[in-house]
Amino acid sequence: MSSRPPPAGLDNATRGNMSLGDASARSDMLFVLTPSSITNPAALRPVRVPHHVLGRPFGIRPRGGPASAVFWRLLLEQSLTRYVLALAPFPIAMLIWPELALPISQAPVLMFGVVLYIESNVLSVPTPDKRRAMIDRDAAARGLDLLRERGRDILTRVAARRDLAEGTFHLVVEQSAMARVAPFSLVSIQIEGPAPAVLDLDPAEQHLLRENLFAGDLTERLLQRINLADNRFLRGVALDARSVSAHARLAALDDRETARLTARG
C-alpha cells in the first residue's frame, strides 16, 4: 500500500491498525466512491440503499479521466467494451489476410460463439458447483464476519468524527463480477432516509477506508472468491448512529482537537 503519511484527524487505534498485513495483501484496485471523487455526482443519487453502480451504462466517471487506472477498469466493466475486445481479432485478421475477409465477415455464428465463450467461461465461473468449490464455507463465513466487524468499526469512527446522532449508515462494498482478473472494489458509505445519499468523505475518512477495510486476513481477493462462490457482488454493513458509544465520541472529539492544534502548529 502507499507509504504516504496518514492525513490528520485519524485516531490512534486507526493508525495502529495500519500495520496489519503487508503491501501485497492489500488493495488490488480499491476506489473510494464519493461525490467529490467523480465528475458526475448526480450518478450517485440512490433510489434505495445499498446502491448498485458497476456495469451501468453512462455510469460514474472518476476524476482524472483516461489518466486514471480506475477509468479504464470501469470501461472494462461495460459489456460493450468486452464485446469489442473479444471481436477485435476478426477485423485484424481481415487486414492481415485480405483473402479471408469475405469468409470471416460471413461467420457471425463464430463471432457470437467467441463472445459467449469468453463471457461465460473465461470471465465467469460457469456452474454453481465450480463456484462453491472456490472457497471453503467456513473460510467464507470467517471472511464475512471480518467484513462486518471492520465495517462497523469504520462506520463507528466516521459517525463519531462527524458527531452524527441519528440515521442508519451503510458501508457498501461492490466488487466486479468478472473472474480471472484482479479484484476491483467500489467502497462507499451510504445513508438511509427519505433522501438516500452517498456520504462525501474527507481525505482522512477515505484514508481510513483504504487502510483498514482490507488488511491482514481479509483481502480483496478473498472477498472476490467469496462473492464468486455466492454469485453475490454487493455487500453492505449497517450501523445505527444511535449505537455509537459515548467513549467513541469522546475519543473522536479528542482527536479532532489534536488535529486542530497540530494544524495550527
Out of LEU146, LEU164, LEU186, LEU171, report the one residue that is at pLDDT 90 or above and over 14 Å from the mean Cα position of the chain (by Cα). LEU146
Within the stretch 136-186, how many residues turn out to be buried (at least 22 other Cβ atoms within 10 Å of the Cβ) and either among the small types (Gly, Ala, Ser) or in contact with a Cys (Cβ under 9 Å, 6 or more places away or on another chain) (or both)? 5
Qualifying residue in the stretch 40-47 (condition: in contact with a strand residue (DSSP E or B) (Cβ under 6 Å, 6 or more places away or on another chain), in contact (Cβ under 8 Å) with a residue 60 or more places away in the chain and under 22 Å from HIS207 (Cα atoms)): yes
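Could you check how many residues of the stretch 48-87 are of a type in the set (A, V, I, L, M) and over 16 Å from LEU33 (Cβ atoms)?
Number satisfying all stated conditions: 8.
Scan the stretch 212-223 for residues that are within 16 Å of SER188 (Cβ to Cβ) and either among the polar types (S, T, N, Q) or part of a helix (DSSP H, G or I) (or both) and report the count.
So the first thing to find is which residues in the stretch 212-223 are within 16 Å of SER188 (Cβ to Cβ), and the list is 212-214, 220, 223.
From what's left, either among the polar types (S, T, N, Q) or part of a helix (DSSP H, G or I) (or both): 212, 220, 223.
Matching residues across the stretch 212-223 total 3.
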Would you confirm whether any residue within the stretch 106-120 is assigned to a helix (DSSP H, G or I), closer than 21 Å to ALA182 by Cα, in contact (Cβ under 8 Å) with a residue 24 or more places away in the chain and of a type in the set (Phe, Trp, Tyr)? no
As an exercise: evaluate ASP129 against (1) under 28 Å from ALA179 (Cα atoms); (2) of a type in the set (Asp, Glu); (3) surrounded by 12 or more Cβ atoms within 10 Å (Cβ to Cβ) and give the number of the one condition it does not meet. (3)
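Can you name the residue in the stretch 40-68 that is of a type outside the set (Phe, Trp, Tyr) and loosely packed, with under 11 Cβ neighbours inside 10 Å and, of all such residues, is nearest to SER176 (Cα to Cα)?
Of all residues in the stretch 40-68, those of a type outside the set (Phe, Trp, Tyr) come to 40-57, 59-68.
Going one step further and asking which of them are loosely packed, with under 11 Cβ neighbours inside 10 Å, we end up with 42, 47-48, 57, 65-67.
On the way: ALA42: 22, VAL47: 21, ARG48: 20, PRO57: 15, GLY65: 20, PRO66: 19, ALA67: 21 Å.
Selected residue: PRO57.
Has the stretch 139-151 got any residue that is among the acidic types (Asp, Glu) and under 30 Å from ALA215 (Cβ atoms)?
In the first step, residues of the stretch 139-151 are kept if they are among the acidic types (Asp, Glu); the result is 145, 149.
Those still in the list that are under 30 Å from ALA215 (Cβ atoms) too: 145, 149.
Within the stretch 139-151, one or more residues are among the acidic types (Asp, Glu) and under 30 Å from ALA215 (Cβ atoms).
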Just need a number here: residues in the stretch 202-241 that are under 14 Å from LEU155 (Cα atoms), touching a helix residue (DSSP H, G or I) at 6+ places or on another chain (Cβ under 7 Å) and of a type in the set (A, V, I, L, M). 6
Only residues that are surrounded by fewer than 17 Cβ atoms within 10 Å (Cβ to Cβ) and not hydrophobic (A, V, I, L, M, F, W, C): list them for the stretch 207-235, please. GLY216, ASP217, ARG221, ASP230, ASN231, ARG232
With the checklist (1) surrounded by fewer than 21 Cβ atoms within 10 Å (Cβ to Cβ); (2) assigned to a strand (DSSP E or B); (3) touching a Phe, Trp or Tyr at 6+ places or on another chain (Cβ under 7 Å) in hand, flag the one item ILE189 doesn't pass. (1)
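Restricting to the stretch 192-201, and then to whatever is assigned to a loop (DSSP other than H, G, I, E, B) and not small (Gly, Ala, Ser), can you tell me which residue is modelled with the lowest pLDDT? Break it down into steps so the answer makes sense when it comes.
First pass over the stretch 192-201, keeping only residues assigned to a loop (DSSP other than H, G, I, E, B): 192-196, 199-201.
Of the ones still in play, those that are also not small (Gly, Ala, Ser) are 192, 194, 196, 199-201.
Numbers: GLU192: 89, PRO194: 83, PRO196: 89, LEU199: 93, ASP200: 94, LEU201: 94.
Per the criteria, the residue is PRO194.
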For the condition closer than 24 Å to GLN224 by Cα, assigned to a loop (DSSP other than H, G, I, E, B) and within 23 Å of the chain's Cα centre (by Cα), what is the one hit in VAL70, VAL47, VAL125? VAL125
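The values are calculated or read from the model by the stated rules, or taken from the named source; none is laboratory data. If you're wondering where the values come from, they're calculated on a predicted model, not measured in any experiment. FYI the Cβ positions are ideal-geometry reconstructions off the backbone, even for glycines, and counts take in every protein chain you see.
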